[in-house]
1. Report, in deg cm²/dmol and to the nearest 500, the calculated mean residue ellipticity at 222 nm for the chain, where each DSSP H run with n ≥ 4 adds -39500 (n - 2.57) and the sum is divided by the residue count.
2. Kindly state, as a whole number, the per residue volume in cubic angstrom of the convex hull around the alpha carbon atoms of the chain.
3. When a footprinting reagent is the concern and you count Cβ atoms within 10 Å, what order do 85, 106, 284 take, fewest first?
4. Could you work out how far apart the two model spin labels at residue 251 and residue 194 are, taking each label as a point 7 Å from the Cα in the direction of the beta carbon, and quote it in nm?
5. Direction-averaged shadow area of the convex hull around the Cα atoms of segment 264-334, nm²?
6. With a point put 7 Å past each Cα toward its Cβ, work out how far residue 115 is from residue 303 in nm, to one decimal.
7. Can you sort 144, 132, 138 so the residue with the fewest Cβ neighbours within 10 Å comes first?
8. For the chain, set up a GNM with springs between Cα atoms under 10 Å and report which of 295, 111, 94 has the largest fluctuation.
Ligand SMILES: [Zn+2]
């Protein structure tokens, strides 16, 4: 799609080439019943000073994941432009309608932003937001940081996420940025090869890409937020936009994991899932992982679920109630650094 159409349909109130600090928005047209010529304003901030890379920092891709938006908002308010070498472009609540609704998906068109990239400037609101990020912001960017948490349905070990690179060089850069974040673990996640995520689109655009998963359960985790605050500064120091003294030394080399095709344990039955292990527990393929209970049928025997991969329990479904196809558990498998 022609990038000029995206710029025309979703104009920004900030000047991306101006030094200093600006806080504004880009406007997504929404001609609704009660607002014929209205827009959805989506916050954008720019902090720029001198020469250096451009880093795009995204939070709120899903509207029920809060550590990223909180940490980015603090940075927008507190960071002195004089400490920056290059440019920071913040989109702290990129899926603004979903954030306002505290939902993973948009209440306007029902779509998950992170399955709509590269977007469509002629599409519905969520597709237009993705197009703005892909067509207007990505061409300016060298590094993309996409801050996720587990959201309402998952609790995940706070971790840096390594986006698989399109080239060995990009893969190495993504891995170095994820290790610099300083989380206890870093996990290679390709979302089952789905190319429609923000990070996959950023990788295609040639940027260095890092993501996070920060706890979840639709709440704010004290530990994950502290890690998120530190990690963002660590990555910005790693790529040279912030001075090294703004980074927090990483005490232990993060352990590396991968989500294989057997990572996700899905429910086959309609019932209540009982997990048997806490997050971080080492488990083996074939080991009993949990049971699905049929609580309204006390005479019916629960169904056992078994792990399909060796590794650690990385994520766990939050609601106890499950239906066929729901993801109950996620196992992360130790990853060989030499693999690319
Ligand atoms: Zn997310």
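1. Working: 7 runs with 70 residues, N = 340.
Computed mean residue ellipticity for the chain: -6000 deg cm²/dmol.
2. Details: hull volume 46.5 nm³, N = 340.
For the chain, the hull spanned by Cα atoms encloses 137 Å³ per residue.
3. Details: 85 17, 106 25, 284 11.
By the 10 Å Cβ count, ascending, the order reads 284, 85, 106.
4. With each label point 7 Å from Cα toward Cβ, the separation is 3.5 nm.
5. Details: hull surface 16.9 nm².
Averaging across all directions leaves 4.2 nm² for the Cα convex hull.
6. 2.1 nm
7. Values: 144 28, 132 25, 138 21.
With the fewest neighbours first, 144, 132, 138 line up as 138, 132, 144.
8. Comparing 295, 111, 94 in a Gaussian network model of the chain, the most mobile one is 295.
Every number in this text was worked out from the coordinates using simple rules, so none of it is lab data. Note that the coordinates shown come from a computational prediction; the quantities given were computed from them, not determined experimentally. Here Cβ is always computed from backbone atoms with ideal geometry, including for glycine, and neighbour counts include all displayed protein chains.
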